[in-house]
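Each remark here refers to the structure printed beneath this line.
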Amino acid sequence: MVKLLILPGDGVGPEVIAEAVKVIEALKRRHGFACELDYGLIGGAAIDACGVPLPDETLSKAQAVDAVLMGAVGGPKWDQMPREIRPERGLLKIRSALGLYANLRPCFCFNELAAASTLRPEVLQGLDLLIVRELTGGIYYGQPRGIVQEGGVRVGFNTERYSEPEIERIARTAFDLARLRKKHVCSVDKANVLESSQLWREVVERVAPSYPDVELSHLYVDNAAMQLVRAPRQFDVLVTGNLFGDILSDIGAQLTGSIGMLPSASLDAQGRGLYEPVHGSAPDIAGRGIANPLATILSLAMLLRYSLRAVKLAGTVERSVKQSLASGLRTADIARPGERVVSTSEMGTAVVERLYEQEI
Ligand code: NAD
């Protein structure tokens, strides 16, 4: 029996999570998905109830389950609190306590929404790539760092730093994921300038022969950024460090339109993970029942695929989302002028109805 922890969080978090839970219940009833749900507090909701953004109880529950599905945290109510106990700290703490070093950001284009992108539809039709970003190392954590006085001027500096085991771990994650997809890894670095990137490339090359069925290529990050907007369909899995991944994953997000459609995952070495929509708690629309639940439902599909290896169930959820869009259903964020707009729960119900129609 699979165990999942649900962390609704704040703002639109509980609203979009409620729709993902409807999908889980449908998978149980219609497709024999054996799963037990537990719930926990995180973010502002946890601050209100317990005074801290990540209660010990939530963390120990997260450590005991197969995967965690989260809504979003934060909001104006907690913005004036000291940095250490703000809602976002809960998220950073749970990521580091669970050792989630691999951040997965898929970019795929639902052809029904291709017109919403700033790129031409023909560049995007059929787009399906996955950015694997190293999340716990690199320049965001490297020492030394700081701002100092040197010869009467202030100098700011940071250190880009990767060890062989850190590179090998994320490379293996990327190769493993490629095996579930089109079996191509493109490693992104700046090996023509940076020693840390030279080591990165060397280690990725060393890992590659363990995956003879997966093709490996390399790109410098500047070229990768250009290729992502020029011809994004050439990619399957892109693997890169923390800083480059941060930037490239936002380019990837912009390729496909609304933030309300974008799922994400953060995985540990065993493939256990935290799954969440890319968007935040959207306080401007919270409580109105108009948020798009599809990013969260697609995060659930990632959970099924990557932590539970339930590839068929994941495909069923993704197809149900696609069919809901194909039948013309749009929440406000993805509707074009004149299109009928549905609520958060109408969109969730539509996905559930399509799940019931499918055979696996
Ligand atoms: P946001 O992602 O919450 O909202 C940005 C814009 O996108 C808003 O206009 C919002 O209405 C819209 N939007 C977001 N999700 C949507 C959805 N599902 N459907 C339709 N529209 C949607 O980013 P923000 O406004 O910068 O941040 C709001 C709060 O969320 C802040 O407290 C921030 O710290 C927090 N935040 C949390 C996370 C997280 O939990 N992972 C991520 C980003 C921001």
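Observations on the structure shown:
- Fraction of beta bridges assigned by DSSP in segment 96-250 that are antiparallel (%, nearest 5): 50 percent
- Largest-first ordering by accessible area, 1.4 Å probe, given options Lys190, Lys322: Lys322, Lys190
- Three-way shape label, segment 248-295, alpha-carbon gyration tensor, a/c 1.5: oblate
- Mean residue ellipticity (222 nm) of the chain, computed from DSSP H runs ≥ 4 via -39,500 (n - 2.57), nearest 500: -12000 deg cm²/dmol
- Rounded to the nearest 5, the antiparallel percentage of DSSP beta bridges internal to the chain is 45%.
- Sequence ranges 171-181, 226-236, ranked by mean other-Cβ count within 10 angstrom, highest first: 171-181, 226-236
- Spatial offset of segment 1-80 relative to segment 288-312 amounts to 13 Å, using the alpha carbon center of each.
- For segment 75-89, the Karplus equation 6.51 cos²θ - 1.76 cosθ + 1.60, evaluated at θ = phi - 60°, returns couplings of x, x, 4, 10, 5, 8, 6, x, 3, 5, 10, 6, x, 4, 4 Hz by residue, with Gly and Pro reported as x.
- List Lys312, Lys61, Lys93, ordered by accessible area with a 1.4 Å probe, largest first: Lys312, Lys93, Lys61
- Accessible area per residue for the chain, computed on protein heavy atoms with a 1.4 Å probe, is 43 Å².
- Å³ per residue enclosed by the Cα convex hull of the chain: 158 Å³
- Reducing segment 205-268 and segment 95-131 to their Cα centroids gives an inter-centroid distance of 9 Å.
- A 1.4 Å probe over all protein chains sorts Trp200, Trp78 by accessible area into Trp78, Trp200, starting with the largest.
- Separation of alpha-carbon centers, segment 326-341 and segment 161-203, rounded to whole Å: 40 Å
- On the principal axes of its alpha-carbon atoms, segment 94-190 has extents of 57, 32, 29 Å, going from largest to smallest.
- Cα radius of gyration and Dmax for segment 1-98 (Å): 14.0, 47
- Just the protein heavy atoms count here, and of the accessible area of the chain at 1.4 Å, carbon and sulfur take up 53 percent.
The values are calculated or read from the model by the stated rules, or taken from the named source; none is laboratory data. None of these values were measured; they are calculated from a predicted model. All Cβ positions, glycine included, derive from the backbone under ideal geometry; neighbour counts span all protein chains shown. All accessible areas refer to the heavy atoms of the entire protein, side chains included, with ligands and DNA or RNA removed. Shrake-Rupley method; radii C 1.70, N 1.55, O 1.52, S 1.80 Å.
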